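Reading through the C-alpha cells given below for one structure.
The values are calculated or read from the model by the stated rules, or taken from the named source; none is laboratory data. Given the structure is predicted, the values throughout are model-derived calculations rather than measurements. Backbone-built Cβ (ideal geometry, glycine too); neighbour counts: all protein chains shown.
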C-alpha cells in the first residue's frame, strides 16, 4: 500500500494547495493569493484592457485572477489604472509560471512593445538568477604541451 493510499482520497483543494502552492502577497493594502495558474477565462478578459478602458471593464478580470471584492478594495485604497494593469500583469505572469517582480510587470504594461518587454523581463530574471548560482567545479588547466603543434617547421 502506498503512502497516498494510506492517507485516503485527496480532495481537489488539498491537491491544489500541495501542488500549486498557497503563497500570498499584499497589493494596494489587500492580501491576495499569488496566482499559481491562469484561469481559462482570464486571457480573454485581460486582452481587452488598457489604460484607456472604462472602469467597468476591470472588476471581472480582477475577480477571476484575485477573487471577488478585491477590485473594490483596491479602488477604495486609491489604486490607479497603471497600478491595476501592473497588478494584473504580475498575477498573469506568476500564474504562467514566471516568477517576475512588480517592476518587471510594470515595464511590460508601460512598454510600446509588450511582447518584447515580456521576453526581456523573463530573460533578465533568468539571467540574474543564474549569475547567483554556482555552476560547478573549476575546470582543469590544459597544459601547454598538449596544445603544441607536432608539425615541423619548414626551413626553406
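Answer yes if at least one residue in the range 38-45 is at pLDDT 85 or above, surrounded by 13 or more Cβ atoms within 10 Å (Cβ to Cβ) and over 27 Å from residue 118 (Cα atoms), and no otherwise.
no
Please determine whether any residue of the range 95-104 is part of a helix (DSSP H, G or I), crowded, with 16+ Cβ neighbours inside 10 Å and at pLDDT 90 or above.
Yes: one or more hits.
Consider residue 31 carefully, then state whether it is under 15 Å from the mean Cα position of the chain (by Cα) and assigned to a strand (DSSP E or B).
Judged against the criteria, residue 31 is not a match.
Does residue 63 count as under 20 Å from the mean Cα position of the chain (by Cα), free of Cβ contacts under 8 Å to residues at least 12 places away in the same chain, surrounded by 13 or more Cβ atoms within 10 Å (Cβ to Cβ) and part of a helix (DSSP H, G or I)?
yes
Tell me the residue from 70, 34 that is surrounded by fewer than 19 Cβ atoms within 10 Å (Cβ to Cβ) and within 26 Å of residue 13 (Cα to Cα), please.
Going through 70, 34 in turn, just one is surrounded by fewer than 19 Cβ atoms within 10 Å (Cβ to Cβ) and within 26 Å of residue 13 (Cα to Cα): 34.
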